[in-house]
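Scroll down for the structure; my scribbles are underneath it.
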Amino acid sequence: MPKMIAPQIKKACSHRFVLVALPAVLLFIAMLSAAHGSDHSPKASAIPVFGYQIINVYPHNSAAFTQGLVYDEGVLYEGTGLYGRSSLRRVDLETGRVLEQTRLESNLFGEGVALWKDRIIQLTWQSGLGLVYCKANLTEIRNFSYQTEGWGITPYNKSLIMSDGTDILHILDPESFAETGQIKVTANGIPLKGLNELEYIKGLIYANVWPTNWIAIISPETGEVKGKINLQGILQENYTLLGYKVDVLNGIAYDEREDRLFVTGKLWPKLFEIKLVPELGSD
């Protein structure tokens with residue numbers, strides 16, 4: 001119901017802000033300082049900073065509170081959040097049209113999604129419940145549990161990697177969903193919290209850092225941040241939905257065949273195909 005949108009967004013965002021927003025912002029300020037040489041300690045090293053070039057702009061459903069995004073053979077699989085509005089959907093890239101959709105139960109807050117073989121895995125925020133769907137028809141075929149919050153998820157070699165909003169990434173077995181290891185993410189030795197939506201690209205993990213306009217590029221072997229992407233200003237217009245502003249950047253998808261990178265955000269009316277470019281003055 002439209003009247004429920006405002007309080008749900010406020011509840012979700014304010015709750016997360018208390019937990020991790022300030023640490024995430026401060027840590028990225030520290031990262032920026034290190035990248036520009038203000039930290040002269042022997043262990044500090046510059047982290048490459050990337051800006052972006054917009055290659056294409058596609059329509060995006062501005063009612064979608066995007067929590068997970070995956071590209072596969074011309075379509076996007078998108079997980080959306082908010083209680084009573086969460087869904088898993090198959091979306092046409094070119095038009096933004098929802099081709100097929102499965103709604104979650106009203107007590108579940110949908111989060112990140114990942115493709116694994118002929119299945120789609122979707123997390124939920126605070127329910128400790130993961131959902132497994134048949135990719136062909138978006139029918140739920142099983143579920144699994146975990147002990148942390150669920151934020152983002154992506155395939156990694158023969159495993160899955162899950163974020164929970166902290167600096168820890170959890171390695172999961174894709175069949176049993178048992179945790180087999182952890183990755184502690186650091187930027188110049190400082191734990192990086194707020195890790196959100198994930199995408200595995202060319203041997204590295206790309207992670208939205210909530211609630212910023214940054215994407216961290218992480219080594220899955222060491223947990224070190226190897227690069228950072230500044231997407232400030234990519235959505236220039238001050239869009240609103242039923243009187244409420246769009247939410248933060250969230251959603252990374254990659255087309256491996258065509259080497260295309262897509263990004264969007266919660267309640268954003270646009271999805272962007274971008275190319276990374278080194279920022280002026282970065283190493």
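Within region 129-166, the set of residues being under 20 Å from W210 (Cα atoms) and not hydrophobic (A, V, I, L, M, F, W, C) comprises T148, E149, G150, G152, T154, S163, D164, G165, T166. Within region 233-261, the set of residues being of a type outside the set (A, V, I, L, M, F, W, C), at pLDDT below 95 and closer than 21 Å to L195 by Cβ comprises D247 only. Suppose the filter is modelled with pLDDT of 95 or more and over 16 Å from the mean Cα position of the chain (by Cα); does T264 pass it? No: the conditions fail for T264. Here is the figure for region 157-200: residues that are among the basic types (K, R) and either assigned to a strand (DSSP E or B) or under 13 Å from the mean Cα position of the chain (by Cα) (or both) total 1.
Consider region 163-207 and keep the residues that are touching a residue at least 24 places away in the same chain (Cβ under 8 Å) and of a type in the set (K, R). The one that is surrounded by the most Cβ atoms within 10 Å (Cβ to Cβ) is K193.
Here the strands (runs of 3 or more DSSP E) wholly within region 76-135 that include at least 3 residues being within 17 Å of the chain's Cα centre (by Cα) are 87-92, 110-116, 119-124.
The number of residues in region 136-156 that are in a loop (DSSP other than H, G, I, E, B) and more than 18 Å from the chain's Cα centre (by Cα) comes to 5. When R142, R119 are screened for being of a type in the set (D, E, K, R) and under 24 Å from A64 (Cα atoms), only R119 passes.
Scanning region 136-176 for residues that are of a type in the set (F, W, Y) and under 20 Å from L195 (Cα atoms) yields Y146, W151, Y156.
The values are calculated or read from the model by the stated rules, or taken from the named source; none is laboratory data. As the structure is a prediction and not an experimental result, all values here were calculated from the model. Note that we place each Cβ from the backbone using ideal geometry, even for glycine, and neighbour counts take in every protein chain shown.
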